[in-house]
Structures are given as C-alpha cells and as structure tokens.
Amino acid sequence: MTGLPALRERYERFEPRAYLDNNYSPPRADFSSEGSVVPWKLRCLADTFGSGEIRGRTLIDVGSGPTIYQLLSACDHFEEIVATDYLEVNREELRRWVRGDPGTFDWSPFIQHVCKIEGRGEPWQDKQLRLRSRLRRILPIDVHRPEPLGAPLQPQADALLSAFCLEAVSPDGAAFTRALSNVSSLLRPGGHAVLLGALGESFYLAGSVRLPVLPLDEADVRRALHGAGFELRRLRCYVMPPELRTGVDDVQGVFFVHARKPGGE
Ligand SMILES: C[S@@+](CC[C@H](N)C(=O)[O-])C[C@H]1O[C@@H](n2cnc3c(N)ncnc32)[C@H](O)[C@@H]1O
C-alpha cells in the first residue's frame with residue numbers, strides 16, 4: 001500500500017471528469033433498475049434522511065469530490081450544507097455546478113430520480129435550486145489532520161456525511177480509523193454520521209491515474225466506527241453485480257452506515 005506522501009502526489013493527477021464518467025454515468029447510473037448501484041445509494045440516503053431524525057443547522061460533507069448526488073436528500077433537512085475536498089479541481093467543479101456554468105456534469109437525472117423516490121411530487125428544479133442555495137461553503141480539507149479544516153468548525157456540524165472518501169485516502173486500517181476520528185471532531189456530540197464507502201476495493205481510476213484504496217470488509221467498518229467512538233445505528237451492504245464490474249476499479253460492494261456520536265441532549 002502506498003504511503004501518505006505518495007498518495008497525496010497521486011491525487012494531484014485526479015481527473016474529475018473521468019471520475020464522474022466512470023462512476024456516475026451508465027451502466028452504474030442506471031435509473032431503470034432500483035438494484036443498480038447508484039439507485040441503491042440514493043435509496044439509502046433518501047430513506048435515512050427521510051426519517052426526519054437527522055436535521056439541524058449545518059451538515060458537513062467530507063471529501064465531496066466533484067459530486068453532489070450524496071447531498072440531494074440531505075439538503076431538505078439543513079439550513080446550510082458545507083462541501084469539502086482536498087483538491088482545488090474538485091472544489092472548482094462543485095462551484096461551477098452551484099453557479100450553473102455551462103458544460104458542467106449533468107446531475108438532473110439524479111435529481112429527478114431522488115424526487116421520484118422521495119415521493120412528494122416535488123419538481124426536480126425546486127430541489128436543484130434548494131441545494132444550490134444551501135451549498136454556500138466549499139472548503140479545503142485534509143482528513144489526516146487532527147483539525148481537518150485547519151481550524152475547528154464553529155459551531156460543530158449537526159451531521160456529517162462522507163461518501164467513498166476515507167478508504168480512498170487511507171494507507172492502512174489505523175489511518176482509516178484515525179481519519180474517522182479526525183472528522184468526528186467536526187461533529188457535535190449527539191450528531192449523526194452517514195457514510196457510504198467501498199468494500200473490498202484495492203484501486204480505482206480517475207483518468208490516467210490509478211489510486212490505491214484500502215480494501216475493507218464489514219467487520220473492518222464496524223471496528224473503525226467503534227475505534228473512532230461512534231455508536232452504530234444501521235449498516236447495510238450492497239454486492240456489486242458482475243455487469244457493473246466495468247474495470248474502472250475492483251470494488252466488490254458498497255457499505256452504508258448511519259451512526260451517532262455519543263453525548264449531547
Ligand atoms: C473516491 S473520491 C469520492 C468522491 C465523492 N465523495 C463520491 O462519492 O464519489 C475520494 C475523494 O477524496 C478526496 N481526497 C483525497 N485526499 C484527501 C484527504 N487527505 N482528505 C480529504 N479528502 C481527500 C479526493 O480529492 C476525492 O475527491
């Protein structure tokens with residue numbers, strides 16, 4: 001496994017557009033089948049945020065990358081969404097989407113699908129507008145620092161979201177647990193954490209660069225959550241079907257976690 005300095009160097013060659021095409025275009029983004037991976041992730045998020053239990057003033061998304069799909073159900077329940085990423089190219093991609101610049105990735109099929117599964121009959125353009133208006137801060141982050149944002153987030157966030165970040169940037173299990181504990185400092189006691197991540201993955205492609213991933217199994221995820229002091233509420237796993245093993249990575253499955261930071265009221 002690559003050490004941290006080498007990993008940081010490789011990330012400098014991350015190509016947002018290639019990453020988006022690999023993971024958020026057909027066949028992985030196939031909205032005609034609820035069993036496909038992207039609809040499965042969106043369903044987990046819609047069910048969890050739709051329960052109404054996770055809400056508040058601020059939600060922070062850790063390692064947002066160039067993507068916004070993970071925020072579509074969450075954005076209804078928070079006044080402000082803070083997106084974060086290590087790379088300026090990804091932060092710029094998000095700013096371009098918020099501004100509605102021409103030529104940005106087309107998230108409209110994702111937004112339409114989420115409106116459909118949420119079942120409130122909301123026009124998708126209204127949700128797009130809501131997310132754009134609530135996504136006010138897009139900040140640099142490094143999950144390997146004890147203060148990932150360089151300074152404490154004040155006040156701490158009411159909820160934390162992170163999708164496919166920690167295992168993609170951690171050289172080993174100890175670094176993964178430490179990163180989870182670092183980002184937990186951004187969350188208020190009693191706050192909720194929602195995580196999506198890769199199972200059994202050792203690499204992914206983002207253009208010409210091949211990025212190493214820490215292969216995790218379900219027990220590793222449980223152990224890391226426990227080690228970082230979270231109370232696990234729900235863990236769901238998805239097995240990647242053969243037709244979605246397209247060669248852009250070697251992911252075996254996906255985990256979805258809802259956990260809580262102890263304390264609070
Ligand atoms: C696999 S992508 C996940 C992107 C997106 N959240 C998604 O669901 O597709 C991993 C992200 O982690 C970011 N990253 C790399 N090093 C990081 C670090 N040290 N701290 C936080 N994020 C980092 C990358 O720039 C990239 O956007």
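The values are calculated or read from the model by the stated rules, or taken from the named source; none is laboratory data. Given the structure is predicted, the values throughout are model-derived calculations rather than measurements. Positions of Cβ are backbone-derived with ideal geometry, glycine not excepted, and every protein chain shown enters the neighbour counts.
Points to keep in mind about this one:
- If you go through the stretch 240-265 and keep only what is surrounded by fewer than 19 Cβ atoms within 10 Å (Cβ to Cβ), under 14 Å from residue 36 (Cα atoms) and touching a residue at least 24 places away in the same chain (Cβ under 8 Å), you end up with 241, 243, 244, 246, 252, 253.
- All of 15, 53 fail the test of being within 12 Å of the ligand (Cβ to nearest atom) and touching a strand residue (DSSP E or B) at 6+ places or on another chain (Cβ under 8 Å), apart from 15.
- Where a residue in the stretch 16-31 is in contact (Cβ under 8 Å) with a residue 12 or more places away in the chain and of a type outside the set (Ser, Thr, Tyr) and its partner, wherever it lies, is outside any helix (DSSP H, G or I) and near the ligand (Cβ under 8 Å from one of its atoms), with Cβ under 6 Å and at least six apart: 16/66; 18/206; 20/66
- Tallying residues that are closer than 18 Å to residue 57 by Cβ, part of a loop (DSSP other than H, G, I, E, B) and within 15 Å of the ligand (Cβ to nearest atom) within the stretch 118-164 yields 2.
- Of all residues making up the stretch 189-211, the number that are buried (at least 19 other Cβ atoms within 10 Å of the Cβ) and either of a type in the set (D, E, K, R) or away from the ligand (no atom under 11 Å from the Cβ) (or both): 6
- Pairs are defined by a Cβ separation below 7 Å, a sequence spacing of at least 6 or placement on different chains, a first member in the stretch 173-186 that is buried (at least 21 other Cβ atoms within 10 Å of the Cβ), and a second member that is modelled with pLDDT under 95; the pairs so defined are 186/153.
- Just one of (1) under 20 Å from residue 63 (Cα atoms); (2) surrounded by fewer than 17 Cβ atoms within 10 Å (Cβ to Cβ) fails for residue 231. It is (1).
- Among residues of the stretch 84-98 that are under 16 Å from residue 131 (Cα atoms), those with a Cβ under 6 angstrom from a residue that is in a helix (DSSP H, G or I) and near the ligand (Cβ under 9 Å from one of its atoms), sequence gap 6+ or separate chain, pair up as 93/16.
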